[in-house]
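S.K.: Mind looking over this structure? Questions follow.
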Amino acid sequence: MSTRLLSPLLLALVLAPVALTSTGCKPKAVRGGPGTENPNLDQGAMSTTLDRRDLQELMQANMAKMMESPWWTQMTGTPGQVVAIWPIKNETSEHIDDQLNTLLADIETELVNSGVVAVVSRERQAEMANEVAVQQNRSIYDPAFANQISRQLGARYYITGKVGSVDEFFNKERRVQYTLFMQVIEVETSLVRFQYKSERSKAIVR
Amino acid sequence: MGAIVNRSSRVRGLLLAAVSLCACATYSEKTQLARDAAQTGNLAASEKVLNKFLGVRRSSDLPTEWKKETIVALLERAMVLRGKRDWKLSARDLVVADKQLVLLDVARDAGQVGKWIFSDSSGKYHAPPSEKLALNAFNMLNYLLAGDLSGARVEAKRFTVTREYLGQLDTAAHGAFGSYVAGFVFERLGEPETALRYYDEALQEQAFPSLQGPVARLAARSSYRTPRLRALLGEAEPTAALAANTLLATQAPAEPEPAAAPATAPATPTPAPAGELLVVMNVGRVPYKVPERLPIGLAIGIGAAFITGSTAILERSALKFVIYPELVPSRALFNTGSLVIDGQEHPLELATNLDAEIVREYEALKPKIIGAAITRLIVRAAVAEGARAAGNQAKDGAGAIVGLLAALAAEGAMVAADKPDTRSWTLLPAFVFVARVPVAPGAHSVTITAMGSGGRETHDFKIDVKPGGFAVLDVTTLR
């Protein structure tokens, strides 16, 4: 091997560890969303967790079906029926409780703005439910408990649901398949008046 | 010629000294102060060292820059925060670290090239199975201790995903402690079948006498059974009822013998306790890695199957040893303990011996680690030979010495950059003990004492258990 060829090779081999351990560009904060310089910032998936876009789409799919349902037609015929919104159970492998609270707020907003049903304040409901749950050592996701509290709040129906996931890790790829179930339960009879599920998959692929 | 040899020996000696001085500290050396502080029980000092390492001012901050050692240091801080009983911050750190580990597992590792040429520590951090399972198990406990059963459920699911993934890879997937706690979480969530599945997993690895009562209670509410659960419940195997000559009986695969079923009388469903206490005591620290030198001859004997390239070239190498990460004991103070509730002593069960699991994992990988170190040595020797050949072409009769200097410089520079990968979760407890004790509703005093060759450390608690409720207590000594 000639000296001319060897020198760059040696230089590259000696400097490469420095290059390998050196840091990249300095991070900076940016603003995104409609009307900003980065309108598509929210479009990309950053992880397998449900983000705002996923939740909005899942919620809209369920709400659209609910508003097409016979139950909603019945509600529009007798406006002012009291409806409670019960927490959505997180049965996934991701910590999405904060996102689910946002989802509940979105559902509440849709129902209130529809002007068709009267919605029990979620804050008041949560306060009461937590108080009774601690006193009676009950789970807030227990259907009988949900029924009991909804009745005490004067609700005729309550909306509840759960998010489940199938989480798989194979060949160095990870996929999480989410399913959002939504139900409307009649307090008096415990009958399911509406039920629908929407789905979303997220993955980290190579 | 003699003068050249003398000069070359001196130059070689100086270069070797320079190399040993220039070599950068490895992960375990850089975090030694954090372990030293934990060893004296000064968790605040340990936390401070780790925050400095992470480049943050306080533990409420997360690192903004993810270097190759950041994720391990974050795991260390999470454990210090557990020791300080800051469950929420510890959970936050473990969730973030868990997500980063998933990304690292999926990502292509550009550092792999560097790992084979320059340094073992240039690759991304891939946590061993014991650490992955411990992460979700300890985080499950964090959520449980913070009173968040929903969060604990999420960690239980993540624990299962990891366990199943490791099972697919034929990697030893232990984690009796995690399965035990997951069973407790689902029992308290009112999901008996899932709870039984987790308890069965825990029983697969060892007998837990404390599970007899809970399994009997849950079995009364669920039809889920395995040979282990049936053995614990004293129930007959369903196949025993079949006639020996029926097709189903002959085709039925033989179910494995329950490995961990204790020889006990049939369990009868006992009423749910008025209140219950779950106690977890984490003592000691797992072994950690330090840079160690091994003579080449011995190293070749250990790592022969994993060496790429010809070892003959090493005959002309300046260095006659291999630097590799060796596992050493943590010299922690405690390895056992005791539990006293309202003046009465209760047994603690050893749920997981992480110390032994980490030693087993390391011993299985050691030949590969040493093989990689020798391969790097071969690459360096080849580069040095190239430099020597180039130097030998120098004019005025100085070719030999120029060649030698060039060879030593090239080899020395690469050795200086070679850092054995000593990254590991060094603040993981070595031994995890559990106890479940039925208690009457009301106030109780609990004393948990960690013990061992280093003396004892006592923790006193006053707790209040609601009717039908439960309380979870955790002691993590980190020493």
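The values are calculated or read from the model by the stated rules, or taken from the named source; none is laboratory data. Just so it is clear, the structure is predicted and the values come from calculations on it, not from any experiment. Positions of Cβ are generated from backbone atoms using ideal geometry, with glycine treated the same way; all protein chains shown enter the neighbour counts.
S.K.: Output the number of the condition that B:Asp421 fails; it satisfies all remaining conditions of (1) crowded, with 21+ Cβ neighbours inside 10 Å; (2) farther than 23 Å from B:Gly309 by Cα; (3) modelled with pLDDT of 70 or more; (4) not hydrophobic (A, V, I, L, M, F, W, C).
M.R.: (2)
S.K.: Only one of (1) touching a helix residue (DSSP H, G or I) at 6+ places or on another chain (Cβ under 9 Å); (2) modelled with pLDDT of 90 or more fails for B:Leu277. Which number is that?
M.R.: (1)
S.K.: Counting only residues that are away from every other protein chain (no Cβ under 14 Å) and over 17 Å from A:Ile85 (Cβ atoms), how many does the stretch A:115-148 have?
M.R.: Qualifying residue count, the stretch A:115-148: 0.
S.K.: Could I ask something else about it? Can you tell me how many residues in the stretch A:152-200 are without any contact (Cβ under 8 Å) to a residue 24 or more places away in the chain, under 22 Å from the mean Cα position of the chain (by Cα) and more than 29 Å from A:Met75 (Cα to Cα)?
M.R.: 3
S.K.: Quick one: in the stretch B:57-69, of everything that is under 20 Å from B:Leu478 (Cβ atoms) and in contact (Cβ under 8 Å) with a residue 24 or more places away in the chain, which residue is surrounded by the fewest Cβ atoms within 10 Å (Cβ to Cβ)? Please lay out each step first, then the result.
M.R.: Just the residues of the stretch B:57-69 that are under 20 Å from B:Leu478 (Cβ atoms), to begin with: B:58-59, B:69.
Imposing the further condition that a residue be in contact (Cβ under 8 Å) with a residue 24 or more places away in the chain reduces the set to B:59, B:69.
Details: B:Ser59: 21, B:Glu69: 18.
Result: B:Glu69.
S.K.: Exactly one of (1) at pLDDT below 90; (2) touching a Lys or Arg at 6+ places or on another chain (Cβ under 9 Å); (3) not hydrophobic (A, V, I, L, M, F, W, C) is unmet by B:Lys289. Its number?
M.R.: Status for B:Lys289: all satisfied but (1).
S.K.: When residues of the stretch A:149-200 are filtered for being among the basic types (Lys, Arg), crowded, with 18+ Cβ neighbours inside 10 Å, within 14 Å of another protein chain (Cβ to nearest Cβ) and more than 27 Å from A:Gln135 (Cα to Cα), how many remain?
M.R.: 1
To keep it simple, each residue is scored yes or no on (1) closer than 22 Å to B:Asp200 by Cβ; (2) in contact with a strand residue (DSSP E or B) (Cβ under 7 Å, 6 or more places away or on another chain); (3) within 14 Å of chain A (Cβ to nearest Cβ).
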position	(1), (2), (3)
B:Lys132	yes, no, yes
B:Asp148	no, no, yes
B:Arg158	yes, no, yes
B:Val161	yes, yes, yes
B:Glu164	yes, no, yes
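S.K.: Which of the numbered conditions does A:Glu68 fail, given that it passes all the others? Conditions: (1) in contact (Cβ under 8 Å) with a residue 40 or more places away in the chain; (2) more than 14 Å from chain B (Cβ to nearest Cβ).
M.R.: Evaluating A:Glu68 over (1) in contact (Cβ under 8 Å) with a residue 40 or more places away in the chain; (2) more than 14 Å from chain B (Cβ to nearest Cβ) leaves (1) as the failure.
S.K.: Which number in (1) surrounded by fewer than 18 Cβ atoms within 10 Å (Cβ to Cβ); (2) touching a residue at least 60 places away in the same chain (Cβ under 8 Å); (3) within 14 Å of chain B (Cβ to nearest Cβ); (4) out of contact with any Asp or Glu (no Cβ under 8 Å at 6 or more places or on another chain) marks the one condition that A:Ala203 misses?
M.R.: Status for A:Ala203: all satisfied but (4).
S.K.: Could you check B:Lys68 against (1) within 21 Å of the chain's Cα centre (by Cα); (2) facing another protein chain (nearest Cβ under 10 Å); (3) more than 27 Å from B:Gly371 (Cα to Cα); (4) modelled with pLDDT under 95 and say which number it fails?
M.R.: (3)
S.K.: To continue, here is another question. Taking A:Asp106 as meeting all but one of (1) within 12 Å of chain B (Cβ to nearest Cβ); (2) at pLDDT 85 or above, write down the number of the exception.
M.R.: Of everything listed in (1) within 12 Å of chain B (Cβ to nearest Cβ); (2) at pLDDT 85 or above, A:Asp106 misses just condition (1).
S.K.: Still on this structure, I have one more. Kindly indicate whether B:Glu345 is free of Cβ contacts under 8 Å to residues at least 40 places away in the same chain and away from chain A (no Cβ under 14 Å). Outline the logic, then answer.
M.R.: On the way: free of Cβ contacts under 8 Å to residues at least 40 places away in the same chain: yes; away from chain A (no Cβ under 14 Å): yes.
Yes; evaluated as a whole, the condition is true for this residue.
S.K.: Let me ask another. Of everything in the stretch A:75-103, what is more than 14 Å from chain B (Cβ to nearest Cβ) and either aliphatic (A, V, I, L, M) or without any contact (Cβ under 8 Å) to a residue 12 or more places away in the chain (or both)? Give them in sequence order.
M.R.: A:Met75, A:Gly77, A:Thr78, A:Val82, A:Val83, A:Ala84, A:Ile85, A:Leu103
S.K.: With B:Leu103, B:Leu54, B:Leu94, B:Leu75 as the choices, which residue is under 30 Å from A:Lys172 (Cα atoms), within 11 Å of chain A (Cβ to nearest Cβ) and buried (at least 21 other Cβ atoms within 10 Å of the Cβ)?
M.R.: The unique qualifying residue is B:Leu94.
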